[in-house]
Amino acid sequence: DAKTTQPPSMDCAEGRAANLPCNHSTISGNEYVYWYRQIHSQGPQYIIHGLKNNETNEMASLIITEDRKSSTLILPHATLRDTAVYYCIVKGNTGKLIFGQGTTLQVKP
Amino acid sequence: DAGVTQSPTHLIKTRGQQVTLRCSPKSGHDTVSWYQQALGQGPQFIFQYYEEEERQRGNFPDRFSGHQFPNYSSELNVNALLLGDSALYLCASASSDRGRHEQYFGPGTRLTVT
């Protein structure tokens with residue numbers, strides 16, 4: 001499974017969009033991009049995933065570049081409850097998720 | 001619909017002891033994975049069970065073993081506990097349906113080894 005690179009931390013004002021970047025330059029053609037988040041002391045929560053098309057659900061949008069070497073998770077209207085560690089994971093057909101250090105997003109009032 | 005449940009929530013053990021952690025997957029899920037999360041780190045994959053067999057294993061010693069039951073629930077066993085085994089142990093369940101990708105995590109069991 002390809003490795004990902006994320007900034008260690010980001011701040012966002014409450015009510016504004018939070019844009020979390022992720023680089024995955026070694027991604028293979030059959031590997032998906034997944035985003036999970038972990039609020040303090042809780043289990044990780046699935047947010048969204050995609051292969052090559054942009055995806056949107058009730059929680060977030062995922063924008064994947066055309067060459068698939070990077071992606072951006074967008075939380076359209078961040079709230080204080082979105083403060084968490086966000087993990088970008090690239091996964092193929094194996095069942096395991098390989099977590100890096102993630103990005104700690106701090107949403108500020 | 002209950003999500004993934006784990007028991008116990010907290011546990012304190014002494015070095016050298018053995019521990020068993022339990023996980024019930026989300027309804028409709030047949031695959032269970034276990035992860036270890038040390039303080040300040042991301043979760044690390046221990047192993048995955050499907051059809052009562054260990055299907056994948058991460059870089060963990062044989063002291064870590066598991067089991068999956070016919071009802072898809074699972075246990076994680078750790079023998080000869082070390083201080084370094086202190087961590088949050090997470091269980092995640094998923095469906096083997098090829099169209100379903102997401103894994104759902106339980107709240108975890110906080111293990112402290114003294």
Subject >> Relative exposure of A:104, A:83, A:94, judged by other C-beta atoms within 10 Å (fewest first) >> reply: A:94, A:104, A:83
Subject >> Convex hull of Cα atoms in chain A, direction-averaged projection (nm²) >> reply: 6.3
Subject >> Over chain B, volume per residue of the alpha carbon convex hull, in Å³ >> reply: 97
**OP:** Kindly list the residues of the stretch B:72-102 that lie in the label zone of residue A:51, defined by a backbone N under 20 Å from the point 7 Å along the Cα-to-C-beta vector.
**Re:** B:95-102
**OP:** Can you tell me the relative contact order of the stretch B:23-74? Whole percent, Cα pairs under 8 Å, sequence separation 6 or more.
**Re:** 35
**OP:** Using a Förster distance of 30 angstrom, determine the FRET efficiency expected from the C-beta separation of residue A:63 and residue A:11, and round it to 0.05.
**Re:** 0.90
**OP:** Give the cysteines in chain A for which no other Cys Cβ lies under 4.7 Å away, or write none if there are none.
**Re:** A:12
Original post:
For chain B, what is the relative contact order in percent, using Cα pairs closer than 8 Å and at least 6 residues apart in sequence?
Top reply: 36
**OP:** Enumerate the calculated ³J(HN,Hα) couplings along the stretch B:39-53 in order (Karplus 6.51 cos²θ - 1.76 cosθ + 1.60, θ = phi - 60°), each rounded to whole Hz, writing x wherever the residue is Gly or Pro.
**Re:** 4, x, 10, x, x, 10, 5, 9, 6, 10, 10, 8, 6, 6, 10
Subject >> Stretch in chain B that is longest and holds no trypsin sites (Lys or Arg not before Pro) that DSSP places in a loop and that have at most 13 other beta carbons within 10 Å >> reply: B:16-62
Original post:
Using alpha-carbon positions, what is the distance between the centroids of the stretch B:35-60 and the stretch A:28-59, in Å?
Top reply: 19
Original post:
Under the Kirkwood approximation applied to all pairs of distinct alpha-carbon atoms, what is the hydrodynamic radius of the protein assembly as shown in Å?
Top reply: 18.1
Subject >> Rough spin-label spacing in nm, given labels placed 7 Å along Cα→Cβ, for residue B:54 and residue B:110 >> reply: 2.9
**OP:** Within the stretch A:1-60, report the GluC sites (Glu not before Pro) that DSSP leaves as loop and that have at most 16 other Cβ atoms within 10 Å.
**Re:** A:14, A:58
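Any read-out appearing in this document is the output of simple, stated calculations on the displayed coordinates, not a laboratory observation. Model, not experiment: these values are computed from the prediction. Because the Cβ atoms are built from the backbone with ideal geometry, glycine has one as well, and the counts that use them run over all protein chains shown.
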